[in-house]
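Undergrad: Can you keep this structure in mind? I'll have questions shortly.
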Amino acid sequence: MKYVDEFRDGAIAKRISAAIANQVRPDRRYNFMEFCGGHTHAISRYGVPDLLPANVRMIHGPGCPVCVLPIGRIDLAIRLALEQGAILCTYADTLRIPASGGLSLMKAKARRGDIRMVYAVTDALKIARDNPDKEVVFFAIGFETTTPPTAVAIRQARAEGLKNFSVLCCHVLTPSAIMNILESPEVRELGTVPLDGFIGPAHVSTVIGSRPYEFFAEEYRKPVVIAGFEPLDVMQAILMLVRQVNEGRATVENEFTRAVTPEGNVKAQNLVSEVFELRRSFEWRGLGEVPYSALKIRAGFAEFDAEQRFHLEYQPVPDNKACECGAILRGVKNPTDCKIFGNVCTPENPMGSCMVSSEGACAAHYTYGRYKDVEATE
Amino acid sequence: MSGQVKKGYVRPLDNKHGRVDMSHGGGGRAMVQLITELFARHLGNEYLAQGNDGACLPPGNGRLVVSTDSHVVSPLFFPGGDIGCLSVHGTVNDVAVMGATPLYLTAGFILEEGFPLADLARIVESMARAANEAGVKLVAGDTKVVEQGKGDGVFITTTGVGFLPEGLHLSGDLARPGDAVLVSGSIGDHGVAIMSRRENLSFDAPILSDTAALNGLTANLLASGAHIKVMRDPTRGGLAATLNEIAHQSGVGIHLEEAAIPVKPEVNAACELLGLDPLNIANEGKLIAICAAGDADKLLTAMRAHPLGREAAIIGKVVEDPNAFVQMKTRFGGRRMVDWLSGEQLPRIC
């Protein structure tokens, strides 16, 4: 396939693999966090760890929008469908996230909640147009990549005078989450997570640009390499991180120059700031309350804000006690460190959010990597 | 499907503008008319013509193999096929990959009130064509009608019957370490054809469903002299699900070579766009065969000699593994598991 296979070429992968092996110092370890679920997925799906030296370890970060969605937010969406009789439009990934009372959006659907899977917010707008006598709510999740389309949809709904469309806004921000990890006691004080650098997001960075990461590089002395989501991108980024670490540098480098510029997509940024403003605080699964880490709909667009329209009160719900998603999302623990991984918690019956999305650290390890836990013999 | 109505006493079915109504399932004259003028007209044969509550069939050669399958595909008409031929192929293939010769089908129709008779006629004609090509006869049937909103046009359940010659035994629990794994052609075509229609994706060359009856191919393979241990058609859940089933049944592992698995470029492109993995996507005209390594080339040659097996390939081998994992060497050079699909990737694909 043109322009995709080129970034999955096994021969080039071998060359980069050899270059990494050649450059790593045998006397030290390299711990890099890929922030994005997209990278986690690529690493697992293409078997990238097999091409890395034993002292280079990839830590899966919290950049999976499904994984960081707290139970309380899913509960709100379920209430809209079951109690308010709204048509709830959602991306498929959120359907199986476990919520309170043994429910999930999929189980709420089986209880006759009108919950519809959509591929884009424009599908939700169409559903609202086609069902003028029903309330239609779009469950908006995601990082900076999915935020501009939601902003466009809200503006479109206003322009069309759609009276039955609103958005349950759960859009979150990447830089605040990275900062939260760097500020966490494990990283700062205890040093239990010796992070040597970050692979920065691909698609998010096309919107926000590479500049927002400069602060981390400078303030926390952590190299950042922004990389595309193809496996060769990831390999190249790892090589660039190894070089920075070896040279004692901590700068923002851009591997994904084919799509990311320093300033990002200014038009999209303006659209977002027209419709959204910062939330004072937002609960992340695994990270807890993170200040100024999410967006809410501006007062000027309040009629499209489902939280206001339906007077929703957010109730935080603690995770299952045995679930280690929090520590896994912060990179403190591996999926296999969790007692319920693979026995109680599986992709079919996820207890924690990391097992729900294919971009989650636990689901990725379960689906693609669990053979490593019990090596097979020929 | 029984009963005949004296000709000339009923107004013919309006096959152009008519629609299914509740009386078509009511057991009265309208139902008999629908059966006679539509179903029996296209699907009729000596067994259906017996007109009794059940078909009485002659004894056959070997053991009886029975399989049943319900079809709820949406949309009903898709690039490369429709629910009619699909409902024949799906069941014929299940019988054929057992090693049996499929001979008879039964069909149950659940029709939704308001469904256009013209569309129903197209579907029944397509079933008749498919059955004819596969050399099977539809020997019994049933029609029910549900109120508007309680169905989605038409659902079809077919049951297939065939005979398995004495001495032939294919089963999912017969794979052994060292055996070769073959696939008869490119994977993911059916699921992607349906998804691209649902999502209005268009490609330079439209992706067609691979829906086809495999009994001709299986007959050739069995005649090739290769010792086939397992055959299976990878429908829902795709290649990944089918290989995991076999691995578990046989208590072995399977190692695949990604580079050897045939996938059409346009199917790959659509999978990229839709975020799908071709390994998880349904096929309706492909089979997987497992045979002793020494017979692999012979079996591959036999597959490629048949029009439905031209792109056949040896894609991996069976290994010892008490965990029954299916693993794959990626084209990229790494390794990964090929797991069952979690949840529901593509609802109502067949």
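Undergrad: Take residue B:120 and decide whether it is assigned by TED's automatic domain parsing to the domain that holds residue B:86, buried (at least 20 other Cβ atoms within 10 Å of the Cβ) and outside any helix (DSSP H, G or I). Outline the logic, then answer.
TA: Values: assigned by TED's automatic domain parsing to the domain that holds residue B:86: yes; buried (at least 20 other Cβ atoms within 10 Å of the Cβ): yes; outside any helix (DSSP H, G or I): no.
Criteria not met by residue B:120.
Undergrad: Next question, about the same structure. Please indicate, with yes or no, whether at least one residue in the range A:30-43 is in contact with a Pro (Cβ under 7 Å, 6 or more places away or on another chain) and at pLDDT 95 or above.
TA: Residues of the range A:30-43 in contact with a Pro (Cβ under 7 Å, 6 or more places away or on another chain): A:31, A:35-36, A:42-43.
Next, only the ones that are at pLDDT 95 or above stay: none.
No, every residue in the range A:30-43 fails to be in contact with a Pro (Cβ under 7 Å, 6 or more places away or on another chain) and at pLDDT 95 or above.
Undergrad: Kindly provide the set of residues from the range B:258-270 that are under 12 Å from residue B:203 (Cβ atoms) and more than 9 Å from chain A (Cβ to nearest Cβ), ordered by number.
TA: Listed by number, the residues that qualify are B:264, B:267, B:270.
Undergrad: Would you check which residues across the range A:352-371 are modelled with pLDDT of 85 or more and either at the interface with chain B (Cβ under 9 Å from one of its Cβ atoms) or in contact with a Cys (Cβ under 7 Å, 6 or more places away or on another chain) (or both) and list them? I'd like the intermediate steps shown before the answer.
TA: Taking the range A:352-371 first, the residues modelled with pLDDT of 85 or more are A:354-355, A:360-371.
Scanning the range A:352-371 gives A:354, A:355, A:360, A:361, A:362, A:363, A:366, A:367, A:368, A:369, A:370, A:371.
Undergrad: From the list A:85, A:102, pick out the single residue that is touching a residue at least 40 places away in the same chain (Cβ under 8 Å), surrounded by fewer than 20 Cβ atoms within 10 Å (Cβ to Cβ), assigned by TED's automatic domain parsing to the domain that holds residue A:150 and out of contact with any helix residue (DSSP H, G or I) (no Cβ under 9 Å at 6 or more places or on another chain).
TA: Values: A:102 fails: touching a residue at least 40 places away in the same chain (Cβ under 8 Å).
Just a single option satisfies the conditions, and that option is A:85.
Undergrad: Output the residue which, of all residues in the range A:10-48 that are assigned to a loop (DSSP other than H, G, I, E, B) and more than 20 Å from the chain's Cα centre (by Cα), is farthest from the other protein chains (Cβ to nearest Cβ). Don't jump to the end; show me each part of the working.
TA: Within the range A:10-48, the first condition is being assigned to a loop (DSSP other than H, G, I, E, B), and the residues that meet it are A:24-29, A:46-47.
From what is left, the residues that are more than 20 Å from the chain's Cα centre (by Cα) are A:24-29, A:47.
Working: A:24: 18, A:25: 23, A:26: 22, A:27: 26, A:28: 24, A:29: 21, A:47: 2 Å.
So, considering only residues that are assigned to a loop (DSSP other than H, G, I, E, B) and more than 20 Å from the chain's Cα centre (by Cα), the one farthest from the other protein chains (Cβ to nearest Cβ) is A:27.
Undergrad: Looking only at the range A:339-350, filter to residues that are modelled with pLDDT of 85 or more and surrounded by fewer than 24 Cβ atoms within 10 Å (Cβ to Cβ); which one of those is nearest to the chain's Cα centre (by Cα)?
TA: Out of the qualifying residues, it is A:347.
Undergrad: Assuming residue B:194 fulfils every condition listed in (1) in contact with a Gly (Cβ under 8 Å, 6 or more places away or on another chain); (2) in a helix (DSSP H, G or I) apart from one, which condition is it?
TA: In the conditions (1) in contact with a Gly (Cβ under 8 Å, 6 or more places away or on another chain); (2) in a helix (DSSP H, G or I), residue B:194 misses (1) alone.
Undergrad: In this structure, does residue B:114 turn out to be assigned by TED's automatic domain parsing to the domain that holds residue B:74, in contact (Cβ under 8 Å) with a residue 40 or more places away in the chain, small (Gly, Ala, Ser) and within 12 Å of residue B:76 (Cβ to Cβ)?
TA: The answer is no for residue B:114.
Undergrad: Next up: Take the residues of the range B:255-270 that are surrounded by fewer than 20 Cβ atoms within 10 Å (Cβ to Cβ) and in contact with a Lys or Arg (Cβ under 6 Å, 6 or more places away or on another chain): which is farthest from residue B:332 (Cα to Cα)?
TA: Out of the qualifying residues, it is B:257.
Undergrad: Just name the residue that is surrounded by the fewest Cβ atoms within 10 Å (Cβ to Cβ) out of those in the range B:271-306 that are within 14 Å of another protein chain (Cβ to nearest Cβ) and outside any helix (DSSP H, G or I).
TA: First pass over the range B:271-306, keeping only residues within 14 Å of another protein chain (Cβ to nearest Cβ): B:271-280, B:293.
With the extra rule that they be outside any helix (DSSP H, G or I), the set shrinks to B:275-277.
Values: B:275: 12, B:276: 20, B:277: 18.
This residue is B:275.
Undergrad: Another question about this same structure. Report every pair of residues separated by at least 6 positions or lying on different chains whose Cβ atoms are under 8 Å apart, first residue within the range A:211-230 and touching a residue at least 60 places away in the same chain (Cβ under 8 Å), second acidic (Asp, Glu) and in a loop (DSSP other than H, G, I, E, B).
TA: So the pair list comes out as A:227/A:255; A:228/A:255.
Undergrad: Go through the range B:330-348 and give me each residue that's surrounded by fewer than 22 Cβ atoms within 10 Å (Cβ to Cβ) and more than 8 Å from chain A (Cβ to nearest Cβ).
TA: Listed by number, the residues that qualify are B:340, B:341, B:344, B:345, B:346, B:347, B:348.
Undergrad: Here is a further query. Would you check if there is a residue in the range B:315-329 being under 26 Å from the mean Cα position of the chain (by Cα), in a helix (DSSP H, G or I) and of a type outside the set (Gly, Ala, Ser)?
TA: No, the range B:315-329 contains no residue that is under 26 Å from the mean Cα position of the chain (by Cα), in a helix (DSSP H, G or I) and of a type outside the set (Gly, Ala, Ser).
Undergrad: What about residue A:61, is it over 28 Å from residue A:200 (Cβ atoms) and either in a loop (DSSP other than H, G, I, E, B) or within 22 Å of the chain's Cα centre (by Cα) (or both)?
TA: In short, no.
Undergrad: Here is a list of conditions, (1) away from chain B (no Cβ under 14 Å); (2) surrounded by fewer than 21 Cβ atoms within 10 Å (Cβ to Cβ); (3) in contact with a Cys (Cβ under 9 Å, 6 or more places away or on another chain); (4) of a type in the set (A, V, I, L, M, F, W, C), and residue A:54 meets all of them except one; can you say which number that is?
TA: Checking residue A:54 against (1) away from chain B (no Cβ under 14 Å); (2) surrounded by fewer than 21 Cβ atoms within 10 Å (Cβ to Cβ); (3) in contact with a Cys (Cβ under 9 Å, 6 or more places away or on another chain); (4) of a type in the set (A, V, I, L, M, F, W, C), the one that fails is (3).
Undergrad: Limited to the range B:232-247, what total is found for residues that are among the polar types (S, T, N, Q) and under 20 Å from residue B:99 (Cα atoms)? Steps first, please.
TA: Quick first cut of the range B:232-247, residues among the polar types (S, T, N, Q) only: B:235, B:242, B:244.
Add one more test, that the residue is under 20 Å from residue B:99 (Cα atoms), and what stays is B:235, B:242.
Within the range B:232-247, residues that are among the polar types (S, T, N, Q) and under 20 Å from residue B:99 (Cα atoms) number 2.
Undergrad: Could you please find all residues in the range B:134-173 being in contact with a Phe, Trp or Tyr (Cβ under 7 Å, 6 or more places away or on another chain) and polar (S, T, N, Q)?
TA: B:143
Undergrad: Given the options A:123, A:93, name the one that is among the charged types (D, E, K, R), surrounded by fewer than 22 Cβ atoms within 10 Å (Cβ to Cβ) and in a helix (DSSP H, G or I).
TA: Residue meeting the stated conditions: A:123.
Undergrad: So, one more: Within the range A:189-268, which strands (runs of 3 or more DSSP E) (wholly inside it) include 2 or more residues that are buried (at least 23 other Cβ atoms within 10 Å of the Cβ) and not aliphatic (A, V, I, L, M)?
TA: Working: elements: A:197-200, A:224-226, A:252-254.
Ranges flagged: A:197-200.
Undergrad: May I pose another question? Scan the range A:153-172 for residues that are in a helix (DSSP H, G or I) and buried (at least 17 other Cβ atoms within 10 Å of the Cβ) and report the count.
TA: Residues that pass the stated criteria total 3.
Yes/no per residue for (1) among the aliphatic types (A, V, I, L, M); (2) within 22 Å of residue B:246 (Cα to Cα):
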| site | (1), (2) |
| --- | --- |
| B:179 | no, yes |
| B:182 | yes, yes |
| B:188 | no, yes |
| B:193 | yes, no |
| B:197 | no, no |
| B:203 | no, no |
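The values are calculated or read from the model by the stated rules, or taken from the named source; none is laboratory data. Every value quoted in this text rests on a predicted model; they were computed, and no experiment measured them. Reconstructed Cβ throughout: ideal geometry from the backbone, glycine too, with neighbour counts over all protein chains shown.
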